[in-house]
Amino acid sequence: MVRTASTMMPLGTTAPAFSLVNVNGRVVSNTDFQGAPGLLVIFMCNHCPYVIHVADHLASLGKEYQSRGLAIAAINANDTAAYPTDSPEQMVHEAENRGYVFPYLFDETQEVAKEYGAACTPDFFLFDGEQKLVYRGQLDDSRPKTEIPVTGTDLRQAIDALLAGEAIAAEQKPAIGCNIKWKDGNEPKYFNPAGIS
């Protein structure tokens with residue numbers, strides 16, 4: 001496990017396109033969410049301690065905000081040959097066990113993760129109704145093995161502001177988690193602004 005920070009994609013960036021297979025076998029694309037007031041893309045996986053730490057909260061957040069119209073898509077880009085617990089078959093069980101109501105997609109080639117500059121799990125990208133980036137960063141200050149409760153404060157404040165048509169603070173803290181498990185020779189070269197390794 002390498003403690004890694006989000007690369008903090010520039011605000012205003014258009015959501016990179018994706019078309020990936022969901023745990024139910026159907027293909028889901030970012031264009032499927034056109035007309036939604038916003039789109040939350042989460043890079044995550046099954047085995048990462050940082051994801052496990054917040055997984056139940058993500059399930060409840062998904063139910064709450066999807067009911068308010070927010071589109072949500074989670075993407076697993078990990079190398080499943082090296083990490084079989086993140087395989088598509090295990091993703092099906094994870095989605096069922098956690099009660100995820102949002103699509104949980106598999107990025108087998110890792111190309112979508114590269115397009116997003118995704119670096120860690122979990123890594124959050126919130127786009128507005130035109131699929132322009134308005135928030136990227138952490139769920140909240142909680143981390144595994146800390147006494148800080150999981151509240152989702154940072155991400156929830158951004159989503160609430162977006163849905164209310166209010167401005168979202170530009171000062172945003174990077175997400176921190178396990179590094180995405182890149183296939184040999186596939187790891188992108190990106191700048192880590194938080195200097196965390």
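Structure data summary
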| read-out | value |
| --- | --- |
| Residue match in the range 153-163 (condition: at pLDDT 95 or above, among the small types (Gly, Ala, Ser) and part of a loop (DSSP other than H, G, I, E, B)) | no |
| One residue from ALA95, ALA5, ALA55, ALA81 being more than 29 Å from ALA169 (Cβ to Cβ), touching a residue at least 24 places away in the same chain (Cβ under 8 Å) and within 16 Å of the chain's Cα centre (by Cα) | ALA95 |
| Test: residue in the range 21-28 that is crowded, with 20+ Cβ neighbours inside 10 Å, under 23 Å from ASN179 (Cα atoms), in contact (Cβ under 8 Å) with a residue 40 or more places away in the chain and touching a Phe, Trp or Tyr at 6+ places or on another chain (Cβ under 9 Å) | yes |
| Helices (runs of 4 or more DSSP H) wholly inside the range 31-123 that include at least 1 residues being touching a Leu at 6+ places or on another chain (Cβ under 7 Å) and within 16 Å of TRP182 (Cβ to Cβ) | 111-116 |
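The values are calculated or read from the model by the stated rules, or taken from the named source; none is laboratory data. What you see is a predicted model, and the numbers here were worked out from it, not measured in a lab. Because the Cβ atoms are built from the backbone with ideal geometry, glycine has one as well, and the counts that use them run over all protein chains shown.
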